[in-house]
Amino acid sequence: MTDHTTPLVEMNNISISFGGIHAVENASIDLFPGEVVALLGHNGAGKSTLIKILSGAYRRDSGDIRINGDPADIRNPRDAKGFGIETIYQTLAVADNVDAAANLYLGRELQTRWGTLDDAAMEAKTREVMGRLNPNFKRFKEPVKALSGGQRQSVAIARAILFNARILIMDEPTAALGPQETAQVGELIKQLKREGIGIFLISHDIHDVFDLADRVFVMKNGLVVGSARTEDVTKDEVLGMIILGKCPPGAIPGPGAMRDAR
Ligand SMILES: Nc1ncnc2c1ncn2[C@@H]1O[C@H](COP(=O)(O)OP(=O)(O)O)[C@@H](O)[C@H]1O
Ligand SMILES: [Mg+2]
């Protein structure tokens, strides 16, 4: 059951600087179960830095994180994984020379009671999870390097699901993909939503993510300009947030919202 009253993730008043430069300042974002939240903004806005604090790659200077309402002291990627947070990187961390099942179980292979690899069990579970995520996928016997970008991404996500990910971070997931593969990733995201997984979708391009997102947060110069439900704002209005830092009436302004925007 998903509980829609307690956020899966709350990041409150997060700040971090590198050598005195504020990469992220006083940023607050949240995410509910089964929700897709897009984090938008120009290159250098601070999106990846903010989300790397959630994935444990960076330590925040100040601010706090809550997972399912409880304070979460995330100090490294292992802590993040312990909270069910998984990141799908643009450069997919898949093992190219082995098949999907071997990728899903890499480093945690199932064994038979005789101590040999239980290939049958691993393949059956792989077919089940991949079947849910990507019903058209049939290339179970091929090394992952033979797969398309979209298919490789479904392997990476299936692996995260098998690790009990509840919170998925996808940083520029479609940057290296063609239109058909981008559509495939869209289908994947819809299926993950149905499973109650919360997704942060990071992109510098509104067109890649607007239709998939339930809400958007816009960042500019390390600050959150504002947030909005996608049904309450137009794409043009969100572009205005990204480019000008101007918050439309349907959005909730953040510390980076431009004052007297006219
Ligand atoms: N490890 C780092 N050391 C120094 N500066 C960094 C580091 N990581 C990010 N930054 C700076 O923080 C700012 C935000 O970068 P980033 O979060 O990558 O932006 P975005 O993902 O929105 O394109 C940029 O000015 C970038 O140069
Ligand atoms: Mg980035």
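The values are calculated or read from the model by the stated rules, or taken from the named source; none is laboratory data. Just so it is clear, the model here is predicted, and its values are computed rather than measured. With ideal geometry, Cβ positions are generated from the backbone for all residues, glycine too; neighbour counts draw on all protein chains shown.
Quick notes
- Selected residue (criterion: nearest to Thr174 (Cα to Cα)) from residues of the range 53-75 that are within 16 Å of ligand 2 (Cβ to nearest atom) and surrounded by fewer than 21 Cβ atoms within 10 Å (Cβ to Cβ): Ala57
- Screening Val37 against (1) within 17 Å of the chain's Cα centre (by Cα); (2) away from ligand 2 (no atom under 16 Å from the Cβ); (3) among the β-branched types (Val, Ile, Thr) leaves a single unmet condition, (2).
- Condition check for Thr174: of a type in the set (Ser, Thr, Tyr), free of Cβ contacts under 8 Å to residues at least 40 places away in the same chain and not assigned by TED's automatic domain parsing to the domain that holds Ile65: no
- In the set Gly222, Gly250, Gly196, only one residue is assigned by TED's automatic domain parsing to the domain that holds Asn68 and over 25 Å from Val24 (Cβ atoms); that residue is Gly196.
- When the range 116-138 is filtered for residues that are of a type outside the set (Phe, Trp, Tyr), in a loop (DSSP other than H, G, I, E, B) and surrounded by 15 or more Cβ atoms within 10 Å (Cβ to Cβ), the ones remaining, listed by number, are Asp118, Asn134.
- Flag for Ala120 being out of contact with any helix residue (DSSP H, G or I) (no Cβ under 6 Å at 6 or more places or on another chain), closer than 26 Å to Ser203 by Cβ and among the aliphatic types (A, V, I, L, M): no
- Hits in the range 4-22 - residues which are more than 13 Å from Val224 (Cβ to Cβ) and within 16 Å of ligand 1 (Cβ to nearest atom): Ile16, Ser17, Phe18, Gly19, Gly20, Ile21
- When residues of the range 219-240 are limited to those that are away from ligand 1 (no atom under 14 Å from the Cβ) and touching a Pro at 6+ places or on another chain (Cβ under 7 Å), the one nearest to Ala23 (Cα to Cα): Gly226
- The set of residues in the range 2-21 that are at pLDDT below 95 and either within 16 Å of ligand 2 (Cβ to nearest atom) or among the β-branched types (Val, Ile, Thr) (or both) comprises Thr2, Thr5, Thr6, Ile21.
- The strands (runs of 3 or more DSSP E) falling completely within the range 1-115 that include 3 or more residues that are touching an Asp or Glu at 6+ places or on another chain (Cβ under 7 Å) and not assigned by TED's automatic domain parsing to the domain that holds Val129 map to 9-18.
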